């Protein structure tokens, strides 16, 4: 996803192609689609969807803003990353 327009289109397609689970635990495709939807919203709100930034740059900007939020709420961002990494490892593929 080198160019932003393609990146945003791919993310948006991921977000809308999923049927959201109601009676089952979401799988990793569901989780990544939800993340793509969130990233598309962030890109639209910040104007990055119209820029030439790559999808990974948009993700980095979102993570940076989450770090700022953690600072304001006195939440340990590094600790969150540790827990998130453990969850990522524990969630089976599929």
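The values are calculated or read from the model by the stated rules, or taken from the named source; none is laboratory data. Just so it is clear, the structure is predicted and the values come from calculations on it, not from any experiment. Cβ atoms come from the backbone with ideal geometry, glycine included; neighbour counts cover every protein chain shown.
I'd like the full set of residues that are at pLDDT 90 or above and in contact with a helix residue (DSSP H, G or I) (Cβ under 9 Å, 6 or more places away or on another chain), limited to segment 45-62.
46, 59, 61, 62
Hey, among 22, 6, which residue is out of contact with any strand residue (DSSP E or B) (no Cβ under 9 Å at 6 or more places or on another chain), surrounded by fewer than 14 Cβ atoms within 10 Å (Cβ to Cβ), modelled with pLDDT under 70 and more than 25 Å from residue 92 (Cβ to Cβ)? Walk me through how you get there before you give the answer.
Numbers: 22 fails: more than 25 Å from residue 92 (Cβ to Cβ).
Residue meeting the stated conditions: 6.
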